[in-house]
Every structure is written in structure tokens, then in C-alpha cells.
Amino acid sequence: MRRLDELYLKRPFFGSRKMAVELAVNRKRAQRLMRIMGIEAHYAKPNLSRPAPGHQLYPYLLRGVTIERANHVWSTDITYIPMRGGFLYLVAVMDWFSRFVLSWELSNTLDTAFCSMALDAAFGFGQPDIWNSDQGAQFTSAEFLSPLKQRSISISMDGRGRALDNVFIERLWRSLKYELIYPGDFAGGAELFAALKSYFHFYNFERPHQALDYKTPSQLFPHPHKTKKPSL
């Protein structure tokens with residue numbers, strides 16, 4: 001799964017057939033592992049992110065929109081994090097304008113609870129005008145959407161198969177994995193948690209971003225302070 005994740009970062013447009021060829025495994029195994037990891041090829045096709053039956057979907061609101069200030073748009077996503085002894089899932093909430101990571105949580109399952117915890121922590125920084133996510137079951141559940149509706153936040157969801165609709169958080173995952181996860185080779189959750197806590201502080205307050213004219217996210221986000229960390 002780690003090899004598959006590394007290949008996915010380099011070739012996100014590869015489907016299960018090409019992944020299987022590159023990794024010298026059969027296609028069924030590649031498909032099974034990709035389902036566990038929550039990844040699919042980055043190209044438009046039906047049924048990419050599947051909400052649970054009965055979950056409400058919303059249109060993508062950000063195509064052609066210019067983001068000119070902090071708290072205009074927040075977005076979220078989940079990624080697979082390999083460790084020496086297994087793997088965890090990481091969810092993060094990011095402000096699009098500043099790239100400031102507002103909150104994050106780790107989980108050993110792809111449930112809604114840890115995503116809701118990250119959302120609740122992010123609200124400690126205020127709230128956005130627009131919230132964007134993919135159409136995954138975690139983000140389309142009534143439990144998750146309820147606090148957004150209560151705050152009258154406009155809800156936007158990526159089009160099916162349109163991973164680049166959430167491009168800024170996709171770039172965060174690439175940076176995180178190339179700069180921390182793969183060089184670190186973490187043995188377990190406690191070690192990973194401590195490393196993520198340090199990395200996200202670095203990412204927000206110390207790491208200059210070329211796309212931000214080499215400013216840090218904290219320089220563009222109002223009232224910057226340390227991101228709230230989840231309890232292990």
C-alpha cells in the first residue's frame with residue numbers, strides 16, 4: 001500500500017490496470033487496496049466519490065470564482081498515511097486564500113466522526129462563506145452537514161472525478177508526504193501524531209509558499225495562532 005501511495009503521488013491519473021502493471025500485482029488486488037486507501041484515478045468519470053444512499057449532494061460553486069480574502073472558502077479532504085506498522089487516515093481543513101491549515105485529525109477508520117471533529121475545531125477560527133469537499137459519504141452525511149447549515153454556510157462539492165476541484169488541499173497532501181511522511185518512515189500512531197503536530201505548525205508559520213509570493217500562510221490568515229491539535 002505504501003508503494004501504491006508513492007506511485008499515486010507521481011501518477012494520480014493511473015487507474016487500477018496501470019497500477020497493477022507498475023506494481024506487478026493482479027488488478028483485483030490493486031482495486032481492493034485502492035478502495036481501502038480511498039483513492040481513484042484523477043480523471044472525470046461517474047461514481048468517483050460515492051455518498052451513502054439518501055445523502056444530499058450540492059453543486060460545485062467555485063469554478064471561475066476569484067478567492068481574494070481569508071475565510072472566503074474553506075475545504076477539506078482525507079488522505080491515507082502509511083506507517084511501518086500499518087496506516088491511518090488524516091483529514092484536514094484548509095483556508096483556500098491563505099493555505100492555512102485550520103485543523104486536522106487522525107483515524108484508523110473512514111468514519112464521519114473524525115471529520116466532524118476537524119470541522120468543529122476549525123470553527124475555532126471563525127467560519128467561511130463557502131465550504132467545499134468531495135462527495136464522499138463522510139462529507140455528505142446529515143451529521144456532518146448540520147453545523148454548516150446552522151451557520152448558513154454555502155456548501156460546495158467537487159464534481160465527480162474532479163480531484164483538481166480541490167487542488168489546494170491536494171497540493172498540501174503532496175507536500176506533506178514528500179517532506180514528512182516518506183522521509184520519516186514512522187513506526188506508529190504516537191510518533192506520527194507528534195510529527196504531524198510539528199509539521200503543520202511549520203507549514204502554517206514557517207514554510208514560505210511560492211504561490212503566496214513566498215509568504216507563510218499565517219501572514220495571510222487573520223489573527224494567526226497555532227492550529228488546534230486533536231487529542232490522541
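The values are calculated or read from the model by the stated rules, or taken from the named source; none is laboratory data. Not measured: the values here are computed from a predicted model. Quick reminder, even Gly has a Cβ in these numbers, built from the backbone with ideal geometry, and neighbours come from all protein chains shown.
Where in the stretch 70-187 are there helices (runs of 4 or more DSSP H), lying wholly inside it, with at least 3 residues that are within 21 Å of Gln219 (Cβ to Cβ)?
167-176
For the stretch 185-207, name all the residues that are aromatic (Phe, Trp, Tyr), surrounded by fewer than 18 Cβ atoms within 10 Å (Cβ to Cβ) and touching a helix residue (DSSP H, G or I) at 6+ places or on another chain (Cβ under 8 Å).
Matches in the stretch 185-207: Phe205 only.
Mind listing just one residue for me: the one in the stretch 115-143 that is under 27 Å from Ala194 (Cα atoms) and surrounded by 21 or more Cβ atoms within 10 Å (Cβ to Cβ) and, of those, farthest from the chain's Cα centre (by Cα)?
It comes out as Phe125.
Among Met37, Met1, Met83, which is surrounded by 13 or more Cβ atoms within 10 Å (Cβ to Cβ) and at pLDDT below 85?
Met37
Regarding the stretch 97-112, can at least one residue be identified that is in contact with an Asp or Glu (Cβ under 6 Å, 6 or more places away or on another chain) and of a type in the set (Ser, Thr, Tyr)?
Checking the stretch 97-112: at least one residue is in contact with an Asp or Glu (Cβ under 6 Å, 6 or more places away or on another chain) and of a type in the set (Ser, Thr, Tyr).
Condition check: part of a helix (DSSP H, G or I) and either touching a strand residue (DSSP E or B) at 6+ places or on another chain (Cβ under 8 Å) or farther than 23 Å from Leu88 by Cα (or both). Does Tyr203 satisfy that?
Considered against the rule, which asks whether it is part of a helix (DSSP H, G or I) and either touching a strand residue (DSSP E or B) at 6+ places or on another chain (Cβ under 8 Å) or farther than 23 Å from Leu88 by Cα (or both), Tyr203 comes out as yes.
Suppose the filter is surrounded by fewer than 17 Cβ atoms within 10 Å (Cβ to Cβ) and modelled with pLDDT of 90 or more; does Ile67 pass it?
When the stated conditions are applied, Ile67 passes them.
Could you grab me the full set of residues in the stretch 104-130 that are under 23 Å from Tyr80 (Cβ atoms) and among the hydrophobic types (A, V, I, L, M, F, W, C)?
Trp104, Leu106, Leu110, Ala113, Phe114, Cys115, Met117, Ala118, Leu119, Ala121, Ala122
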